[in-house]
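Just so it is clear, none of the values below were taken in a lab; they were calculated from the coordinates. Treat the numbers as computed from the prediction; the structure is a model and nothing was measured. All Cβ positions, glycine included, derive from the backbone under ideal geometry; neighbour counts span all protein chains shown.
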Amino acid sequence: MFGRFGKDAGSLLGIEIVATAVRLVQLERRGGGCAVRAWAIEPLAAGAVIDGRMVALDVIAAALAQAFRRSGATAVDAALSLPASAVMCCEVTLPRGLGEAEMANRLSDELAGSIPYPLDDAAIDFQVMGVNAQAPGALDVAVAVCRWDALEVIEEVLALAGLCPQVVDIDSHALQRVACRASGEVSAVLVVETDHLVFHHLREAGEHRRDELRGGDAALQLESIVRALDHWLLDSLERGRGSMPEQLLLVGTGAIAALAEQLQPRLGIACSVLDPFDGMPGVRDGALRAAAPCLAIASGLARRSFD
């Protein structure tokens, strides 16, 4: 979401929590760009996260606190993400001159019929994008909606770890920040984890597509990956949601060069492993280079410090 629990994002810890680990990145400004200030990957006990849901909050918080200590991070304000599938995004036109509270009330009324759960359970965040091109007396307002309980779980885990919730973003947006810097063009990103695949088709207009396949080790077999990608790409084209991506970037635990080399001839598009720290000064740590594909989302979240 655009959402900020506080008013100033400042320097942020980008945090991703998956079934097997907690991942943390802090960036800093250096020489007109940014560089890695701190990072860590802390293993998680089995069952702490089930099907993407944080279940054992105390276990997750302990791992997060340990990652924070080991990393040497200095920022305590954190940015996490929700899956794009858990967030409803849209754009609404509202009259100019409304105060923030009035805008929030108008948005609640406008969205009441389209939110697939009770309005009282919805967290609604919005950002004014500018004056409407066709109606100078109106504003274009970007809106994001998710369940309150999704945010409450994030707040609880961070509080237990001694950290402060500052930004809750969308995973596709976090990936777009690092993917566009790496490739300079609209791309697709495949997240390859130990228990699932997530396909993100990133578009310049921001209307990203996100598809997920869960199935344990079977989901990571080459044929399963190719079948899933063929289905997702064909479905996207048939629904008129864009053209074939120029390339596929791989991130996550299973993102290795050998997989990219196997996928490229099968898909007929360029495939490579995404390094979110490519081009950053001072990245000489071999362990960081090896872990880089796993830190893509955390890095994209940390980049919110510079938005």
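Among the DSSP beta bridges whose two residues both lie in the chain, what percent are antiparallel, rounded to the nearest 5? Walk me through the numbers before you get to the answer.
Values: 46 of 62 bridges.
Roughly 75 percent of the beta bridges in the chain run antiparallel, per DSSP.
With a ≥ b ≥ c taken as the square roots of the eigenvalues of the C-alpha gyration tensor of region 94-191, please select rounded if a/c is under 1.5 and otherwise prolate if a/b is larger than b/c or oblate if it is not?
oblate
Can you list the residues, at least 5 places off or on another chain, whose amide H is less than 5 Å from the amide H of residue 37, using H built in the peptide plane?
The list, which skips near neighbours in sequence, is 26, 27, 28.
Stretched out fully, how many nm does the piece from residue 246 to residue 164 gain, at 0.36 nm a residue minus the Cα gap? Display every interim value, and only then the final one.
Numbers: separation 82, 0.36 × 82 = 29.52 nm, distance 3.83 nm.
Difference between extended and current length: 25.7 nm.
How do the peptides 157-164, 286-293 rank, highest first, by the average count of neighbouring beta carbon atoms within 10 Å per residue?
157-164, 286-293
Enumerate the calculated ³J(HN,Hα) couplings along region 133-138 in order (Karplus 6.51 cos²θ - 1.76 cosθ + 1.60, θ = phi - 60°), each rounded to whole Hz, writing x wherever the residue is Gly or Pro.
Each residue's phi maps through the Karplus curve to give 5, 8, 9, x, x, 10 Hz.
Can you give the extra length, in nm with one decimal, that the chain gains between residue 266 and residue 53 once fully stretched, where that is 0.36 nm per residue apart less the Cα-Cα distance? Each step should come with its number before you reach the end.
Details: separation 213, 0.36 × 213 = 76.68 nm, distance 3.28 nm.
This chain segment gains 73.4 nm when fully extended.
For every other residue with a beta carbon closer than 12 angstrom to the beta carbon of residue 41, add +1 if it is Lys or Arg and -1 if Asp or Glu, then tell me the sum.
Working: positive: 23, 70; negative: 16, 42.
Value of the local net charge: 0.
How long are the semi-axes of the equivalent ellipsoid of region 87-148, taking √(5λ) for every eigenvalue λ of the Cα gyration tensor, in whole Å from largest down?
Listed largest to smallest, the semi-axes of region 87-148 are 22, 11, 9 Å.
Could you give the nm distance between label points at residue 148 and residue 93, where each point is 7 Å from its Cα heading toward the beta carbon?
3.2 nm
So what's the back-of-envelope 222 nm ellipticity for the chain, counting only DSSP H runs of four-plus at -39500 (n - 2.57) apiece and dividing by all residues, rounded to 500? Provide the component values of the computation, followed by the final result.
Details: 8 runs with 94 residues, N = 307.
So the calculated ellipticity at 222 nm is -9500 deg cm²/dmol.
For region 256-307, rounded, prolate or oblate, judged on the Cα gyration tensor with a ≥ b ≥ c (square roots of eigenvalues), a/c < 1.5 rounded, else prolate if a/b > b/c?
prolate
From the phi angles alone, apply the Karplus equation (6.51, -1.76, 1.60; θ = phi - 60°) to region 125-130 and give each ³J(HN,Hα) in whole Hz, x where the residue is Gly or Pro.
Working through the residues one at a time gives 10, 8, 9, 6, 8, x Hz.
Could I have the simple spin-label model distance between residue 133 and residue 101, label points 7 Å from Cα toward Cβ, reported in nm to one decimal?
3.6 nm
Of 130, 88, 113, whose Cα points farthest to the positive end of the dipole of region 87-148 (charges on the beta-carbon: +1 Lys, Arg; -1 Asp, Glu; origin at the Cα centre)?
Working it through, the farthest residue towards the positive pole turns out to be 130.
Can you work out the FRET efficiency for the pair residue 30 and residue 287, with r the C-beta to C-beta distance and R0 = 25 Å, to the nearest 0.05?
For R0 = 25 Å, the calculated efficiency reads 0.80.
Grab the other residues whose beta carbon is less than 10 angstrom from that of residue 74, score K and R as +1, D and E as -1, and report the net.
In short, 0.
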